[in-house]
Amino acid sequence: MEDEENRMKVYIETYGCQMNLADTEIVLGIMNKSGYSPTPTIDDADVILLNTCSVREHAEEKIHQRLGVIKKQMSDKPDLVVGVLGCMAERLRSSLIDRHKVDIVVGPDEYRKLPELLEGALAGSQGIGVRLSRTETYDDIAPFRTEGVSAWISVMRGCDKFCTFCIVPFTRGRERSRTLASVVSEVEQLVVQGFREVTLLGQNVNSYGDGGNDFADLLSAVARVDSRLRVRFTTSHPQDLSDKLIETIATYDNLCKYIHLPVQSGSDHILEAMNRTYTRGHYLALVDRIKSQIPGVALSTDIIAGFPTETEEDHRETLSLMEEVGYDGAYMFKYSPREGTPAFRLGDDVPEEVKTRRLNEIISLQQKISYEVNQSMVGKTCEVMVDGPSRKSDLQLSGRTDTNKTVVFPTGTLKQGDVVRVNINRVSSATLFGDPVYKLD
Ligand code: SAH
Ligand code: SF4
Ligand code: F3S
């Protein structure tokens, strides 16, 4: 065994979506095997990596600033290696080396090259790996997971949808899936290690495919591994969400009754300009089928305010769609033009103050809807899996329902991963509060 003290230490900050969180665990898995140990302390690090996101301008600005701060603070450590991973590495490539004097730049499909590139960087040379792959899924890499009860598993990579606003197909490349057998065996190991919840990840999980197996087949295979394991997944593109998938979610008790189903806009004209490939009518019909076949299902969404050419009427259609669906929650964004995407050529014709006002209207409407949905839970009892102490107080625990709502309740003898029934007595638009009734198993 190598002496732990002598191993090089790597510190990673992760930005962006859950796929990036899962990728960081893959990166740590690769680096751990080549003799590096993860450290949570930036000052102890021999290697500092930022796993980055390009989805909106603001996400990138944050990283540029962060790199400036890190380079300045670490200027007395000439041997330190600083690297950029993820979507910004893929998009901005060598310009990151020019601008920030970082040592390595590695895109999402080249993480296997990290040990080699780091070796070079430690010897003083800069390195870059940004080729996209049609086949890389890191199927054989054991992710280095921090302890806990909840695990991420990427089941597919890339995206072929090419929504006109979106940079992801360019930073993540083409869709490809892991094998069903490897995902199932990873889930089996996670159960043995004590994990109680898995989230299957992909930019568009519904287009998962392995031979004759589609995403519904994968979900049922994972659900059957252990009936006490909670199984979640994200994200579903509305076009590919099949009736078979709805039926599968309804069939297994341990498949969580929560679907993140980004709509982006309520206007047909905007949906078409976004190349979302469904209409408002199709989307609402899909929501009806989901609600009627999965009683008590929770739905969340993503919405973009101020896409090019969006009129007041388009905006009002988004607001009315939100009311019609009655989402449990939403992630809401101002449109941000991304160079290289088809929408970039449309210009950015909705003035900033109009975008801001529309976004604020969308946010306050969603808060009102979420509060109403949560209010209907008062007096009811729900099953909650304990995540840990609540953010605000050690005397309170925080957990999540099957439908992914956060519940805060007094600490008893419960620990992370326990499942408890909680009587809800008070709510806000974001959180349910209550008292535990009794502990299950
Ligand atoms: N694959 C997922 C989403 C990935 S990006 C899906 O298809 O739903 C997450 C969200 O960021 C998107 O759903 C969209 O709402 C938002 N987004 C993506 N590109 C954007 C842009 N250029 N400006 C503003 N929001 C954007
Ligand atoms: Fe982007 Fe659309 Fe793919 Fe989602 S489905 S990652 S929004 S291109
Ligand atoms: Fe961002 Fe890349 Fe995810 S652009 S949202 S980190 S796929």
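Listing for the model above:
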quantity: Some residue of the range 28-40 being within 14 Å of ligand 3 (Cβ to nearest atom) and over 20 Å from Phe233 (Cβ atoms); calculated: no
quantity: Residues that are polar (S, T, N, Q), open to solvent by less than 20 Å² (accessible area, probe 1.4 Å) and over 17 Å from Met385 (Cβ atoms), drawn from the range 190-233; calculated: Asn204, Asn206, Ser220
quantity: Filter result for Gly148 (touching a residue at least 60 places away in the same chain (Cβ under 8 Å), touching a strand residue (DSSP E or B) at 6+ places or on another chain (Cβ under 6 Å) and at positive phi); calculated: no
quantity: Residues of the range 149-162 satisfying the condition of being within 12 Å of ligand 1 (Cβ to nearest atom), in a loop (DSSP other than H, G, I, E, B) and surrounded by 21 or more Cβ atoms within 10 Å (Cβ to Cβ); calculated: Gly158, Cys159
quantity: Hits in the range 236-266 - residues which are buried (at least 20 other Cβ atoms within 10 Å of the Cβ), under 14 Å from Val198 (Cα atoms) and not aliphatic (A, V, I, L, M); calculated: Cys256, Tyr258
quantity: Meets criteria (more than 16 Å from ligand 3 (Cβ to nearest atom) and touching a residue at least 24 places away in the same chain (Cβ under 8 Å)) for Thr135; calculated: yes
quantity: Residue check for Val27: open to solvent by less than 20 Å² (accessible area, probe 1.4 Å) and not in a strand (DSSP E or B); calculated: yes
quantity: Among residues of the range 51-93, those that are out of contact with any Leu (no Cβ under 8 Å at 6 or more places or on another chain), basic (Lys, Arg) and not in a loop (DSSP other than H, G, I, E, B), counted; calculated: 4
quantity: Long-range neighbours under 6 Å by Cβ, at least six apart or interchain, first residue at positive phi within the range 387-401, second open to solvent by 90 Å² or more (accessible area, probe 1.4 Å); calculated: Gly388/Gln416
quantity: Residue that is more than 16 Å from ligand 1 (Cβ to nearest atom), touching a Phe, Trp or Tyr at 6+ places or on another chain (Cβ under 8 Å), not acidic (Asp, Glu) and not in a helix (DSSP H, G or I), where the choices are Ile12, Ile48; calculated: Ile48
quantity: Residue match in the range 166-178 (condition: among the aromatic types (Phe, Trp, Tyr), assigned to a helix (DSSP H, G or I) and touching a residue at least 24 places away in the same chain (Cβ under 8 Å)); calculated: yes
quantity: Leading residue by the ranking (surrounded by the fewest Cβ atoms within 10 Å (Cβ to Cβ)) among those in the range 163-182 that are farther than 30 Å from Gly347 by Cβ and among the basic types (Lys, Arg); calculated: Arg176
quantity: Top-ranked residue in the range 163-181 [being over 18 Å from the mean Cα position of the chain (by Cα) and hydroxyl-bearing (Ser, Thr, Tyr); ranked as farthest from ligand 1 (Cβ to nearest atom)]; calculated: Thr179
quantity: Test set (1) open to solvent by 20 Å² or more (accessible area, probe 1.4 Å); (2) within 21 Å of the chain's Cα centre (by Cα); (3) more than 16 Å from ligand 1 (Cβ to nearest atom); (4) closer than 25 Å to Tyr36 by Cα - Ala123 fails condition number; calculated: (2)
quantity: Residue list for the range 382-414, filter: open to solvent by less than 60 Å² (accessible area, probe 1.4 Å) and β-branched (Val, Ile, Thr); calculated: Val384, Val386, Thr401, Thr403, Thr406, Val407, Val408
quantity: Residue match in the range 367-390 (condition: of a type in the set (Asp, Glu) and part of a loop (DSSP other than H, G, I, E, B)); calculated: no
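The values are calculated or read from the model by the stated rules, or taken from the named source; none is laboratory data. Given the structure is predicted, the values throughout are model-derived calculations rather than measurements. Please note: Cβ atoms are built from the backbone with ideal geometry, for glycine as well, and neighbour counts cover all protein chains shown. These accessible areas exclude ligands, DNA and RNA; they are computed on the full protein's heavy atoms, side chains included. Shrake-Rupley method; radii C 1.70, N 1.55, O 1.52, S 1.80 Å.
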